[in-house]
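Just so it is clear, none of the values below were taken in a lab; they were calculated from the coordinates. Predicted model, so just to flag it, every value in this text is computed and none were measured. Reconstructed Cβ throughout: ideal geometry from the backbone, glycine too, with neighbour counts over all protein chains shown.
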Amino acid sequence: MEETKTITFDELGLSNELLEAVKSKGFETPTPVQARTIPEILNHGRDIISLAQTGTGKTAAFGLPIVQLADDKTSQTQALILSPTRELCLQIAKDLASFATTRQRINIVAVYGGSDIKTQLKALKGPAQIVVGTPGRVIDLIERGSLKIGNIRWLVLDEADEMLNMGFKEDIETILSSTPEERQTLLFSATMPPFIAKMVGQYMKDPMEIKIGRTNEGASTVEHHYYVVKAQDRYAALKRIVDMVPDIYGIVFCRTRQEAKEVADKLIADGYNADALHGDLSQAQRDMVMQRFRIKHLQILVATDVAARGIDVTELTHVINYNLPDDPEVYIHRSGRTGRAGKKGISVSIVHTRELSRIKQISKVSHKDFTRVMVPTAEEICQAKLRYFIEGVENQQVDTDGAIAGLLPKVCERLETLSKEEIIAKFVSVEFESVNRYYQNAEDLNVELADDRKKGRKGEKPGMLDEADTARIFLI
Ligand code: AMP
């Protein structure tokens, strides 16, 4: 997480109670978005537009001061936080509750679609000073007279672009026009498409712009790799990239639901630990997939941008752009999901020759260097798999007192006639039969670029990036 060196939490105007909460969260220094947003809210200052994405500390940026200022002598709703998905609402409510441990009388209520409204109606009967909700459900609850927004002091639009992409435009406008004019409006968005700019002009007063999200999203711990293949080899290349990293934990981004479904189905059929996350799934199905991914029972999540928004997983090893997004900002947002918390992450793009200009454009907008990496050969993949397998064998704990203790003598007796070398050869063969079979006669998937020919070998610079940017990289 990028931090400002000069400012401390103490200097932002937070109360001792909140400073205590910050401390127990383990936050040491405010992030840039926090350094600028917290005082602005505490001083009842200007509206804020922040190009800040997940990972920038934006939840604490608005959450800490709102929790501090919320009045616990009244049960009226004073803050309304709108967020696109149920998962994000729950995450925000959880974060805010963790800031409010010393403000026990402040209640934070999450309301979202796809869930029994009765429980939410009941929760809103009690004190609900802070409400976090998806726009559709918020409107529903307002119409039922359960949620009253006439006394709102803060309105937060979280992931505004995503809410609009998801068709919440009218709901948001209805909410904006039903809250008091003197409210402070805080808008967070990964991108600033024209319709958001229009909404800002119409509903926000002299807003202060904070553009720091981007620098954090494109953290320097992320390497940006791209592979150039023929369009029809995209899936085969994906397999090889994944095969090189047997312990991969990543998201494969697709452009459409259909594509996400197809890629996931193929990966599953090919024996990978993968599943799809897209808008065609029911809420229960989405929850199940996300939960499996969160606890790492799933290694590869194939998702659309919208569906992936709700996932707050910090340890991804890879983000794979199966197809590049049209908007460079979306690429920056995708790649910002890896390389978090000081860990190294790799953002991979699989492109065909006509898409090279897009890589160039993203590189320019994001100020990131992109490295062309060659699709691994069959031999390299087999070597990587072997290395991984041997490491697994070496690190395997053997519980000699456990269930296998009774079986081992029989197994040893059975294999008695084989030498150590023969046993090893057979073990390795069992493990490798399917990989070897698949990669037998496998072709080179790399596309030769004009500049490669000049240089006499594939993989040299594709004529737009520095020569040093090209490499055959071994990921293990
Ligand atoms: P967010 O951008 O709100 O999704 O926050 C991303 C992550 O950063 C969350 O896990 C927060 O707990 C963490 N975080 C927020 N602010 C800080 C901070 N000042 N120092 C360290 N971690 C933080």
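Tabulated results
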| item | result |
| --- | --- |
| Theoretical FRET efficiency, 1/(1+(r/R0)^6), r = Cβ-Cβ of residue 388 and residue 269, R0 22 Å, to 0.05 | 0.50 |
| Neighbour net charge for residue 72 - beta-carbon separation under 12 angstrom, K R +1, D E -1 | +1 |
| The chain: Cα Rg divided by the 2.2 N^0.38 Å rule of thumb | 1.13 |
| Full-stretch length increase - residue 121, residue 8 - with 0.36 nm per residue and alpha-carbon distance subtracted | 36.7 nm |
| Gained length - residue 94 relative to residue 297, 0.36 nm times residue gap less alpha-carbon distance | 70.7 nm |
| Rg/Rh for region 162-209, where both radii come from Cα atoms and Rh is the Kirkwood radius | 0.93 |
| Cut-off under 5 Å, modelled amide H: who pairs with residue 449 long-range | 459 |
| About the Cα centre, charge dipole magnitude for the chain (Lys/Arg +1, Asp/Glu -1 at Cβ), debye | 560 |
| Theoretical FRET efficiency, 1/(1+(r/R0)^6), r = Cβ-Cβ of residue 437 and residue 280, R0 41 Å, to 0.05 | 0.75 |
| Using θ = phi - 60° and Karplus 6.51 cos²θ - 1.76 cosθ + 1.60, couplings along region 295-306 (whole Hz; Gly, Pro as x) | 8, 6, 7, 10, 8, 10, 10, 9, 9, 8, 4, 4 |
| Amide H contacts of residue 298 (H built 1.01 Å from N, under 5 Å, at least 5 apart or other chain) | 293 |
| Label zone at residue 343, where the point sits 7 Å out along the Cα-to-Cβ direction: region 317-334 residues whose backbone N lies under 12 Å | 317-319 |
| Distant-in-sequence amide H partners of residue 225 (H built 1.01 Å from N, under 5 Å) | 347, 348, 349, 371 |
| For region 256-262, 3J(HN,Hα) per residue [Karplus equation, 6.51 cos²θ - 1.76 cosθ + 1.60, θ = phi - 60°, Hz, x = Gly/Pro] | 10, 4, 4, 5, 4, 5, 4 |
| Equivalent ellipsoid semi-axes, region 124-208, via Cα gyration tensor eigenvalues times 5, rooted, Å | 22, 15, 11 |
| Derived scalar couplings ³J(HN,Hα) [region 140-151; Karplus, 6.51 cos²θ - 1.76 cosθ + 1.60; whole Hz; x for Gly, Pro] | 4, 5, 5, 5, 7, x, 8, 9, 10, 10, x, 10 |
| Sites residue 182 and residue 235, calculated FRET efficiency, Cβ-Cβ separation with R0 51 Å, nearest 0.05 | 0.40 |
| Net dipole in debye of region 48-162 [+1 Lys, Arg Cβ; -1 Asp, Glu Cβ; about Cα centre; nearest 20] | 540 |
